[in-house]
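Working notes, structure below.
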Amino acid sequence: MSFQLNAADHVRLKVYCYRSPQVALNILGYRVSSQGGAGITLVDFLTFMDTLLQPVYQAAMIDTATYYGVTAQAYRSTLGWSIVETRNANAGAGTVNGDPLPMQTCGLITKINTKAGRKNRGRIYVPFPGEADSTVNGVPSAGYVLKLRDIGNILCVDQLVAVGADNCLMTPVLGNLETGPLADVSAHVDRTKWATQRRRGEYGRPNVIPPF
């Protein structure tokens, strides 16, 4: 039975994408800001996010890469971490045709808080772009930056997840979910330069895809 989320629980969401031989992970933190009725389950949250994320990740990736799915764990101070739950009903290939950019090249979304300082910022490295989304000057095209915006508009804003009369408001946060303190994500900046994640490169040690 899936973990039942309550107000003040924390959730670690992982988004998986794959381009042989590398797995790309985006790891996001959430706080259950409020609860309506009985709340929702962790699988309800995963199903909701999988449906939202599939088209925007596929639109940003080369067609030899795959949006693979999402996993999540919940944390409650009185119980610790729940087991990992998964969802990949919408797995599918990227939609950008042509040649890929180097494996380690990523789009970059910066998550920010109303407070200043590095601890109030975070980063999302969007994986596996294609040359079609890079300009002759070697920077992301305007169209690709809009793709980053679409991803940020899902991952960096509150999401109200409802199942019938039951719901949870999921607020994206920065910081250690177990020890805190946490800072709410208040906005995001879609960067107009390419970033790199060396661990995703040809010489990086391959990550492991979980058993969806």
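Assorted remarks:
- A search for C-beta distances below 9 Å between a residue of segment 99-115 that is assigned to a loop (DSSP other than H, G, I, E, B) and any residue that is crowded, with 19+ Cβ neighbours inside 10 Å and of a type in the set (Asp, Glu), counting only pairs 6+ apart in sequence or on different chains, returns LEU101/ASP133.
- Single residue of segment 1-40 satisfying the filter (among the polar types (S, T, N, Q), in a strand (DSSP E or B) and over 15 Å from the mean Cα position of the chain (by Cα)) that is nearest to TRP81 (Cα to Cα): GLN4
- Qualifying residue in segment 98-106 (condition: over 16 Å from the mean Cα position of the chain (by Cα), charged (D, E, K, R), at pLDDT below 95 and surrounded by fewer than 17 Cβ atoms within 10 Å (Cβ to Cβ)): no
- Of the residues making up segment 85-97, just one is loosely packed, with under 14 Cβ neighbours inside 10 Å and farther than 27 Å from ALA132 by Cα, namely ALA89.
- Residue match in segment 166-186 (condition: of a type in the set (S, T, N, Q), at pLDDT 95 or above, over 25 Å from PRO210 (Cβ atoms) and not in a strand (DSSP E or B)): no
- Options ASN120, ASN113; residue that is crowded, with 16+ Cβ neighbours inside 10 Å, farther than 16 Å from ALA24 by Cα, modelled with pLDDT under 95 and in contact with an Asp or Glu (Cβ under 8 Å, 6 or more places away or on another chain): ASN113
- Residue in segment 169-188 that is among the polar types (S, T, N, Q) and without any contact (Cβ under 8 Å) to a residue 24 or more places away in the chain present: yes
- For segment 7-46, a residue qualifies if it is of a type in the set (Ser, Thr, Tyr), touching a strand residue (DSSP E or B) at 6+ places or on another chain (Cβ under 7 Å) and either at pLDDT below 95 or buried (at least 18 other Cβ atoms within 10 Å of the Cβ) (or both), and the qualifying residues are TYR16, TYR18, TYR30, THR41.
The values are calculated or read from the model by the stated rules, or taken from the named source; none is laboratory data. All values reported here derive from a predicted model rather than from experimental measurement. As a convention, Cβ positions derive from the backbone with ideal geometry for all residues, glycine included, and neighbour counts pool all protein chains shown.
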